[in-house]
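Read through the structure below, which is laid out as structure tokens, and then see the notes.
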Amino acid sequence: MNEASPNTPGHIPEMVIATVAGVAFAMKTGHYLAGIVLGIALGVVLSLVGTAIRARNKR
């Protein structure tokens, strides 16, 4: 299996949280397209926040 290089930011926790939230919303409401959009948007936002936090802690 390919290992992530040290320079690659790890966004796995953010993607897992976003996926679970999107699926939970879709299953609860029955609006699957809205769940997909919510998961993608949440994933992008969490990844940006995570990247900013990692960059700030790196300094």
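The values are calculated or read from the model by the stated rules, or taken from the named source; none is laboratory data. Everything numeric in this text was worked out from a predicted model, so none of it was measured. Positions of Cβ are generated from backbone atoms using ideal geometry, with glycine treated the same way; all protein chains shown enter the neighbour counts. Only protein heavy atoms, including side chains, enter the accessible area calculation; ligands, DNA and RNA are left aside. Shrake-Rupley method; radii C 1.70, N 1.55, O 1.52, S 1.80 Å.
Candidates are the residues of region 16-39 that are among the small types (Gly, Ala, Ser) and in a helix (DSSP H, G or I); the one that is nearest to Gly50 (Cα to Cα) is Ala18. Considering only residues in region 8-45 that are of a type in the set (Ser, Thr, Tyr) and modelled with pLDDT of 90 or more, the one that is nearest to the chain's Cα centre (by Cα) turns out to be Thr19. In this structure, is Leu48 open to solvent by 70 Å² or more (accessible area, probe 1.4 Å), out of contact with any Gly (no Cβ under 6 Å at 6 or more places or on another chain), at pLDDT 95 or above and of a type in the set (A, V, I, L, M)? Judged against the criteria, Leu48 is not a match.
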